[in-house]
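I have placed the structure first, in the form of C-alpha coordinates, so that the comments after it can refer back to it.
The values are calculated or read from the model by the stated rules, or taken from the named source; none is laboratory data. Bear in mind that the values here come from a model prediction, so they are computed numbers and not experimental data. Positions of Cβ are generated from backbone atoms using ideal geometry, with glycine treated the same way; all protein chains shown enter the neighbour counts. Note: areas computed on protein heavy atoms with side chains; ligands, DNA, RNA excluded. Shrake-Rupley method; radii C 1.70, N 1.55, O 1.52, S 1.80 Å.
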Number of protein chains: 2
Amino acid sequence: MMEKYRELHIKLTPQRLAILSFLDGNKSHPSAEDIYKAVLKQFPTMSFATVYNTLEALKNRGNVQELKIDSHKKRYDPDISRHHHLICLKCSKIIDIHKDFKIALSEDLIHGFDLMGNSVEFYGICQKCKKHH
Amino acid sequence: MMEKYRELHIKLTPQRLAILSFLDGNKSHPSAEDIYKAVLKQFPTMSFATVYNTLEALKNRGNVQELKIDSHKKRYDPDISRHHHLICLKCSKIIDIHKDFKIALSEDLIHGFDLMGNSVEFYGICQKCKKHH
DNA sequence: TTATCATATTAGAATAATTCCTGTCAAACC
DNA sequence: GGTTTGACAGGAATTATTCTAATATGATAA
(Lines give C-alpha, C1' and ligand atoms only; values in the text may rest on other atoms or scores of the structure.)
Protein backbone atom coordinates (compact mmCIF):
# COMPACT_ATOMS: atom_id res chain seq x y z
CA MET A 1 0.00 0.00 0.00
CA MET A 2 2.61 2.53 0.97
CA GLU A 3 5.10 1.05 -1.47
CA LYS A 4 3.97 3.36 -4.21
CA TYR A 5 4.79 6.41 -2.09
CA ARG A 6 8.34 5.35 -1.15
CA GLU A 7 9.86 7.16 -4.05
CA LEU A 8 8.58 10.48 -2.76
CA HIS A 9 11.41 10.51 -0.23
CA ILE A 10 9.37 12.23 2.40
CA LYS A 11 8.78 10.75 5.81
CA LEU A 12 5.66 8.66 5.47
CA THR A 13 3.65 9.32 8.59
CA PRO A 14 0.08 8.03 8.96
CA GLN A 15 -1.30 11.53 8.42
CA ARG A 16 0.68 11.94 5.24
CA LEU A 17 -0.40 8.54 3.98
CA ALA A 18 -4.01 9.54 4.54
CA ILE A 19 -3.49 12.74 2.56
CA LEU A 20 -1.68 10.84 -0.18
CA SER A 21 -4.34 8.22 -0.51
CA PHE A 22 -7.05 10.87 -0.62
CA LEU A 23 -5.20 12.64 -3.40
CA ASP A 24 -4.33 9.47 -5.31
CA GLY A 25 -6.32 9.49 -8.53
CA ASN A 26 -8.52 12.28 -7.19
CA LYS A 27 -9.93 14.34 -10.05
CA SER A 28 -11.92 16.80 -7.94
CA HIS A 29 -9.10 19.34 -7.65
CA PRO A 30 -9.60 19.69 -3.89
CA SER A 31 -8.78 22.74 -1.81
CA ALA A 32 -6.74 22.53 1.40
CA GLU A 33 -10.01 22.52 3.30
CA ASP A 34 -11.42 19.65 1.25
CA ILE A 35 -8.33 17.62 2.06
CA TYR A 36 -8.45 18.60 5.73
CA LYS A 37 -12.09 17.56 6.05
CA ALA A 38 -11.54 14.26 4.29
CA VAL A 39 -8.57 13.26 6.42
CA LEU A 40 -10.17 14.52 9.62
CA LYS A 41 -12.47 11.50 9.58
CA GLN A 42 -9.55 9.15 10.17
CA PHE A 43 -7.46 11.57 12.21
CA PRO A 44 -9.61 13.72 14.45
CA THR A 45 -6.56 15.63 15.60
CA MET A 46 -5.45 16.55 12.09
CA SER A 47 -4.48 20.18 11.73
CA PHE A 48 -4.40 22.52 8.76
CA ALA A 49 -0.70 22.99 9.35
CA THR A 50 -0.12 19.35 8.50
CA VAL A 51 -2.18 19.62 5.33
CA TYR A 52 -0.29 22.70 4.18
CA ASN A 53 3.09 21.27 5.18
CA THR A 54 2.47 18.08 3.28
CA LEU A 55 1.18 19.93 0.23
CA GLU A 56 4.25 22.15 0.36
CA ALA A 57 6.52 19.09 0.41
CA LEU A 58 4.66 17.47 -2.46
CA LYS A 59 4.67 20.69 -4.47
CA ASN A 60 8.41 21.08 -4.05
CA ARG A 61 8.94 17.56 -5.31
CA GLY A 62 6.62 18.14 -8.24
CA ASN A 63 4.05 15.59 -7.10
CA VAL A 64 1.10 17.92 -7.00
CA GLN A 65 0.46 21.17 -8.76
CA GLU A 66 -1.18 24.19 -7.25
CA LEU A 67 -3.97 25.62 -9.37
CA LYS A 68 -4.60 29.36 -9.39
CA ILE A 69 -7.87 28.88 -11.19
CA ASP A 70 -10.23 29.52 -8.29
CA SER A 71 -10.04 33.11 -7.13
CA HIS A 72 -11.13 32.26 -3.60
CA LYS A 73 -8.70 29.52 -2.71
CA LYS A 74 -5.92 27.39 -4.01
CA ARG A 75 -6.81 24.05 -5.49
CA TYR A 76 -4.48 21.08 -5.73
CA ASP A 77 -4.10 18.61 -8.54
CA PRO A 78 -2.30 15.28 -8.11
CA ASP A 79 -2.32 14.84 -11.88
CA ILE A 80 1.00 16.35 -12.86
CA SER A 81 0.81 15.39 -16.50
CA ARG A 82 0.57 18.24 -18.97
CA HIS A 83 -3.10 19.13 -19.22
CA HIS A 84 -5.55 21.99 -19.20
CA HIS A 85 -8.80 22.83 -17.44
CA LEU A 86 -12.44 23.55 -18.05
CA ILE A 87 -13.98 25.61 -15.26
CA CYS A 88 -17.58 26.34 -14.33
CA LEU A 89 -18.02 30.03 -13.58
CA LYS A 90 -20.89 29.31 -11.21
CA CYS A 91 -19.89 26.34 -9.06
CA SER A 92 -16.13 26.37 -9.72
CA LYS A 93 -16.12 22.74 -10.79
CA ILE A 94 -12.94 21.91 -12.63
CA ILE A 95 -12.62 19.28 -15.36
CA ASP A 96 -9.34 18.11 -16.85
CA ILE A 97 -8.72 18.56 -20.54
CA HIS A 98 -6.10 16.18 -21.80
CA LYS A 99 -5.21 17.58 -25.15
CA ASP A 100 -2.13 19.19 -26.56
CA PHE A 101 -2.95 22.51 -28.18
CA LYS A 102 0.49 23.20 -29.63
CA ILE A 103 0.59 26.87 -28.76
CA ALA A 104 3.87 28.59 -29.44
CA LEU A 105 5.05 32.10 -28.73
CA SER A 106 6.91 33.75 -31.56
CA GLU A 107 10.21 35.45 -30.79
CA ASP A 108 8.69 38.93 -30.84
CA LEU A 109 6.17 38.02 -28.17
CA ILE A 110 8.50 36.18 -25.83
CA HIS A 111 9.99 39.32 -24.24
CA GLY A 112 13.25 37.61 -23.37
CA PHE A 113 11.58 35.11 -21.07
CA ASP A 114 12.86 31.59 -20.51
CA LEU A 115 9.59 29.79 -21.16
CA MET A 116 8.72 26.89 -18.90
CA GLY A 117 5.19 26.01 -19.89
CA ASN A 118 1.72 27.20 -20.54
CA SER A 119 -1.81 26.39 -19.51
CA VAL A 120 -5.17 26.94 -21.08
CA GLU A 121 -8.37 27.49 -19.15
CA PHE A 122 -11.79 27.23 -20.69
CA TYR A 123 -14.60 29.04 -18.91
CA GLY A 124 -18.28 28.28 -19.09
CA ILE A 125 -21.35 27.05 -17.27
CA CYS A 126 -21.59 23.36 -16.49
CA GLN A 127 -24.61 21.18 -17.24
CA LYS A 128 -25.76 21.01 -13.62
CA CYS A 129 -25.61 24.81 -13.16
CA LYS A 130 -27.49 25.35 -16.41
CA LYS A 131 -30.41 23.28 -15.11
CA HIS A 132 -30.59 24.93 -11.68
CA HIS A 133 -31.76 28.05 -13.42
CA MET B 1 -11.12 64.92 -18.71
CA MET B 2 -13.98 63.11 -17.07
CA GLU B 3 -15.96 63.11 -20.31
CA LYS B 4 -14.49 59.80 -21.33
CA TYR B 5 -15.81 58.17 -18.18
CA ARG B 6 -19.41 59.45 -18.50
CA GLU B 7 -20.48 56.46 -20.47
CA LEU B 8 -19.66 54.19 -17.56
CA HIS B 9 -22.89 55.34 -15.90
CA ILE B 10 -21.46 55.14 -12.44
CA LYS B 11 -21.41 58.07 -10.07
CA LEU B 12 -18.16 59.88 -10.82
CA THR B 13 -16.68 60.85 -7.50
CA PRO B 14 -13.16 62.28 -7.18
CA GLN B 15 -11.95 58.99 -5.71
CA ARG B 16 -13.35 57.04 -8.61
CA LEU B 17 -11.84 59.41 -11.13
CA ALA B 18 -8.48 58.91 -9.47
CA ILE B 19 -8.86 55.14 -9.69
CA LEU B 20 -10.02 55.37 -13.29
CA SER B 21 -7.16 57.55 -14.36
CA PHE B 22 -4.68 55.28 -12.62
CA LEU B 23 -6.12 52.31 -14.47
CA ASP B 24 -6.39 54.08 -17.81
CA GLY B 25 -3.86 52.50 -20.13
CA ASN B 26 -2.15 50.81 -17.20
CA LYS B 27 -0.39 47.66 -18.31
CA SER B 28 1.00 46.63 -14.93
CA HIS B 29 -1.99 44.48 -13.95
CA PRO B 30 -2.22 46.06 -10.50
CA SER B 31 -3.64 44.43 -7.40
CA ALA B 32 -6.19 46.16 -5.18
CA GLU B 33 -3.31 47.19 -2.95
CA ASP B 34 -1.36 48.71 -5.84
CA ILE B 35 -4.40 50.78 -6.75
CA TYR B 36 -5.00 51.76 -3.13
CA LYS B 37 -1.41 52.92 -2.67
CA ALA B 38 -1.39 54.89 -5.90
CA VAL B 39 -4.62 56.73 -5.16
CA LEU B 40 -3.73 57.28 -1.52
CA LYS B 41 -1.23 59.94 -2.60
CA GLN B 42 -4.04 62.18 -3.80
CA PHE B 43 -6.64 61.04 -1.28
CA PRO B 44 -5.11 60.33 2.10
CA THR B 45 -8.47 59.15 3.42
CA MET B 46 -8.96 56.58 0.69
CA SER B 47 -10.09 53.22 1.99
CA PHE B 48 -9.77 49.72 0.61
CA ALA B 49 -13.54 49.44 0.59
CA THR B 50 -13.71 52.19 -2.03
CA VAL B 51 -11.14 50.46 -4.18
CA TYR B 52 -13.02 47.17 -4.01
CA ASN B 53 -16.41 48.82 -4.53
CA THR B 54 -15.21 50.66 -7.60
CA LEU B 55 -13.56 47.58 -9.03
CA GLU B 56 -16.75 45.64 -8.45
CA ALA B 57 -18.76 48.26 -10.33
CA LEU B 58 -16.29 48.29 -13.20
CA LYS B 59 -16.18 44.51 -13.33
CA ASN B 60 -19.97 44.29 -13.53
CA ARG B 61 -20.00 46.70 -16.43
CA GLY B 62 -17.22 44.80 -18.16
CA ASN B 63 -14.71 47.64 -17.94
CA VAL B 64 -12.01 45.75 -16.12
CA GLN B 65 -11.29 42.07 -15.86
CA GLU B 66 -10.18 40.25 -12.77
CA LEU B 67 -7.16 38.03 -13.29
CA LYS B 68 -6.79 34.83 -11.29
CA ILE B 69 -3.20 34.48 -12.38
CA ASP B 70 -1.50 35.38 -9.11
CA SER B 71 -2.16 32.87 -6.35
CA HIS B 72 -1.74 35.43 -3.59
CA LYS B 73 -4.10 38.14 -4.74
CA LYS B 74 -6.41 39.22 -7.50
CA ARG B 75 -4.99 41.40 -10.22
CA TYR B 76 -7.00 43.77 -12.38
CA ASP B 77 -6.66 44.51 -16.06
CA PRO B 78 -8.28 47.57 -17.70
CA ASP B 79 -7.53 46.04 -21.09
CA ILE B 80 -10.72 44.14 -21.80
CA SER B 81 -9.78 43.09 -25.29
CA ARG B 82 -9.28 39.39 -25.85
CA HIS B 83 -5.71 38.63 -24.93
CA HIS B 84 -3.48 36.27 -23.00
CA HIS B 85 -0.64 36.57 -20.51
CA LEU B 86 3.00 35.79 -20.00
CA ILE B 87 3.88 35.47 -16.32
CA CYS B 88 7.23 35.48 -14.52
CA LEU B 89 7.35 32.69 -11.95
CA LYS B 90 9.78 34.65 -9.81
CA CYS B 91 8.55 38.24 -9.67
CA SER B 92 4.97 37.70 -10.90
CA LYS B 93 5.37 40.31 -13.61
CA ILE B 94 2.61 39.95 -16.18
CA ILE B 95 2.94 40.84 -19.85
CA ASP B 96 0.05 40.95 -22.30
CA ILE B 97 0.07 38.67 -25.29
CA HIS B 98 -2.15 39.98 -28.02
CA LYS B 99 -2.50 37.03 -30.29
CA ASP B 100 -5.40 34.82 -31.20
CA PHE B 101 -4.52 31.17 -30.73
CA LYS B 102 -7.70 29.65 -32.14
CA ILE B 103 -8.10 26.95 -29.56
CA ALA B 104 -11.27 24.95 -29.82
CA LEU B 105 -12.71 22.20 -27.66
CA SER B 106 -14.08 19.26 -29.53
CA GLU B 107 -17.54 18.01 -28.61
CA ASP B 108 -16.21 15.05 -26.63
CA LEU B 109 -14.17 17.33 -24.39
CA ILE B 110 -16.79 19.96 -23.75
CA HIS B 111 -18.67 17.98 -21.08
CA GLY B 112 -21.98 19.71 -21.79
CA PHE B 113 -20.65 23.13 -20.81
CA ASP B 114 -21.85 26.37 -22.35
CA LEU B 115 -18.46 27.77 -23.24
CA MET B 116 -17.88 31.45 -22.60
CA GLY B 117 -14.22 31.92 -23.29
CA ASN B 118 -10.71 30.75 -22.64
CA SER B 119 -7.39 32.12 -21.62
CA VAL B 120 -3.84 31.03 -22.10
CA GLU B 121 -1.04 31.68 -19.66
CA PHE B 122 2.61 31.25 -20.48
CA TYR B 123 4.97 30.72 -17.57
CA GLY B 124 8.65 31.44 -17.43
CA ILE B 125 11.43 33.56 -15.97
CA CYS B 126 11.73 37.13 -17.12
CA GLN B 127 14.93 38.75 -18.29
CA LYS B 128 15.43 40.77 -15.13
CA CYS B 129 15.01 37.74 -12.85
CA LYS B 130 17.40 35.70 -14.98
CA LYS B 131 20.15 38.25 -14.39
CA HIS B 132 19.63 38.52 -10.66
CA HIS B 133 20.71 34.88 -10.64
C1' DT C 1 -29.51 76.99 -8.06
C1' DT C 2 -31.18 74.28 -4.71
C1' DA C 3 -33.41 70.37 -2.53
C1' DT C 4 -33.77 65.72 -2.73
C1' DC C 5 -32.37 61.12 -2.93
C1' DA C 6 -29.98 57.35 -4.20
C1' DT C 7 -25.51 56.08 -4.03
C1' DA C 8 -20.60 56.43 -2.47
C1' DT C 9 -17.27 57.05 1.26
C1' DT C 10 -15.06 55.98 5.45
C1' DA C 11 -13.06 53.50 9.41
C1' DG C 12 -13.13 49.71 11.52
C1' DA C 13 -14.87 45.13 12.46
C1' DA C 14 -15.50 40.58 10.56
C1' DT C 15 -14.24 36.72 7.70
C1' DA C 16 -11.55 33.44 5.12
C1' DA C 17 -7.47 31.41 3.48
C1' DT C 18 -2.98 30.73 4.51
C1' DT C 19 1.35 31.01 7.04
C1' DC C 20 4.08 31.13 11.11
C1' DC C 21 5.48 29.81 15.80
C1' DT C 22 6.20 27.01 19.75
C1' DG C 23 6.41 23.19 22.52
C1' DT C 24 6.16 18.22 22.10
C1' DC C 25 7.07 13.84 20.33
C1' DA C 26 8.90 10.09 17.56
C1' DA C 27 11.84 8.13 14.19
C1' DA C 28 16.46 7.69 12.60
C1' DC C 29 21.16 7.96 13.43
C1' DC C 30 25.20 7.62 16.04
C1' DG D 1 20.99 5.26 25.40
C1' DG D 2 21.58 10.01 23.72
C1' DT D 3 21.16 13.22 20.18
C1' DT D 4 19.60 15.18 16.02
C1' DT D 5 16.05 15.87 12.72
C1' DG D 6 11.73 16.31 11.09
C1' DA D 7 6.62 16.11 11.91
C1' DC D 8 2.65 17.13 14.77
C1' DA D 9 -1.07 19.99 16.92
C1' DG D 10 -2.89 24.07 18.22
C1' DG D 11 -3.15 28.55 18.18
C1' DA D 12 -1.55 33.11 17.00
C1' DA D 13 -0.44 36.10 13.21
C1' DT D 14 -0.92 37.73 8.50
C1' DT D 15 -3.03 38.95 4.27
C1' DA D 16 -6.73 39.70 1.16
C1' DT D 17 -11.29 40.67 0.96
C1' DT D 18 -16.05 41.71 2.46
C1' DC D 19 -19.32 43.73 5.55
C1' DT D 20 -21.43 47.39 8.52
C1' DA D 21 -23.23 51.60 9.94
C1' DA D 22 -22.84 56.38 10.06
C1' DT D 23 -21.93 60.24 7.18
C1' DA D 24 -21.11 62.73 2.89
C1' DT D 25 -21.73 63.82 -1.93
C1' DG D 26 -22.85 63.68 -7.11
C1' DA D 27 -26.76 63.63 -10.18
C1' DT D 28 -31.22 64.95 -11.28
C1' DA D 29 -35.25 67.50 -11.53
C1' DA D 30 -37.90 71.37 -9.75
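Taking a quarter of the surface of the convex hull around the Cα atoms of the stretch A:84-131, what do you get in nm²? Could the numbers behind the result be given before it?
On the way: hull surface 17.6 nm².
Quarter of the Cα hull surface area: 4.4 nm².
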Which of the pairs A:Lys68/B:Lys27; B:Lys27/B:Lys99; A:Lys68/B:Lys37; B:Lys4/B:Lys74; B:Lys11/B:Lys59; A:Lys37/A:Lys74 have their Cα atoms more than 18 Å apart in this structure? A:Lys68/B:Lys27; A:Lys68/B:Lys37; B:Lys4/B:Lys74
Zone of A:Cys91's modelled label, taken as backbone nitrogen in the stretch B:96-114 under 15 Å from a point 7 Å along Cα→Cβ: B:111-114
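So if I place +1 on the C-beta of Lys and Arg and -1 on the C-beta of Asp and Glu, and nothing else carries charge, what would the dipole magnitude of the protein assembly as shown be about its Cα centre? I want it in debye, nearest 20.
Working: 42 positive and 32 negative charges, 120 e Å.
For the protein assembly as shown, the charge dipole is close to 580 debye.
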Length added when fully stretched, B:Glu66-B:Ile80, from 0.36 nm per residue minus Cα-Cα: 4.1 nm
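Determine the dipole magnitude for the stretch A:84-131: charges of +1 sit on the beta-carbon of Lys and Arg, -1 on that of Asp and Glu, nothing else is charged, the reference point is the Cα centre, and the result goes in debye to the nearest 20.
Values: 7 positive and 6 negative charges, 148 e Å.
Roughly 700 debye for the stretch A:84-131.
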log₁₀ I(q)/I(0) of the stretch B:24-64 at q = 0.16, 0.17, 0.34 Å⁻¹, via Debye over equal Cα point scatterers, no solvent, to two decimals? -0.41, -0.46, -1.18
I need the Debye-formula profile for the stretch B:3-77: one equal scatterer per C-alpha, no solvent, reported as log10 I(q)/I(0) at q = 0.21 1/Å, two decimals. -0.93
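Grab the other residues whose beta carbon is less than 15 angstrom from that of B:Lys27, score K and R as +1, D and E as -1, and report the net. Walk me through the intermediate numbers first.
On the way: positive: B:Arg75, B:Lys93; negative: B:Asp24, B:Asp34, B:Asp77, B:Asp79, B:Asp96.
Taking every other residue near B:Lys27 into account, the sum is -3.
I'd like to check one number: the per residue accessible area of the protein assembly as shown, probe 1.4 Å, reported in Å² as a whole number.
Details: 15150 Å² over 266 residues.
Ligands and nucleic acids excluded, the figure is 57 Å² per residue.
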In terms of the charge dipole of the protein assembly as shown, which places +1 on Lys and Arg and -1 on Asp and Glu at the beta carbon, the residue among A:Ala32, B:Ile97, B:Ser21 farthest towards the positive end is A:Ala32
Given R₀ = 35 Å, what would the calculated FRET efficiency be for B:Lys11 paired with A:Ser47, taking r from the Cβ atoms and rounding to 0.05? 0.15
Can you tell me the dipole magnitude for chain B around its Cα centre, using point charges on the Cβ only (Lys, Arg +1; Asp, Glu -1), in Debye to the nearest 20? 680
In chain A, if every C-alpha pair distance is counted and binned at 5 Å from zero, what percent goes to each bin? 2, 9, 17, 18, 17, 14, 11, 7, 4, 1, 0
Ranked by GNM mean-square fluctuation in chain A (Cα springs under 10 Å), the top entry among A:Lys93, A:Lys102, A:Lys27 is A:Lys102
In whole Hz and in residue order, list the ³J(HN,Hα) couplings for the stretch B:99-116 that follow from phi through the Karplus curve 6.51 cos²θ - 1.76 cosθ + 1.60, θ = phi - 60°; x for Gly and Pro. 7, 9, 8, 6, 9, 10, 9, 6, 3, 6, 9, 7, 6, x, 6, 8, 6, 10
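Which pairs break 22 Å Cα to Cα here: A:Lys102/B:Lys102; A:Lys41/A:Lys131; B:Lys93/B:Lys131? Working shown, then result.
Details: A:Lys102/B:Lys102 11 Å; A:Lys41/A:Lys131 33 Å; B:Lys93/B:Lys131 15 Å.
Too far apart for the 22 Å limit: A:Lys41/A:Lys131.
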For the stretch A:84-131, what is the relative contact order in percent, using Cα pairs closer than 8 Å and at least 6 residues apart in sequence? 55
Ratio for the protein assembly as shown, C-alpha Rg to 2.2 N^0.38 Å, reads 1.15
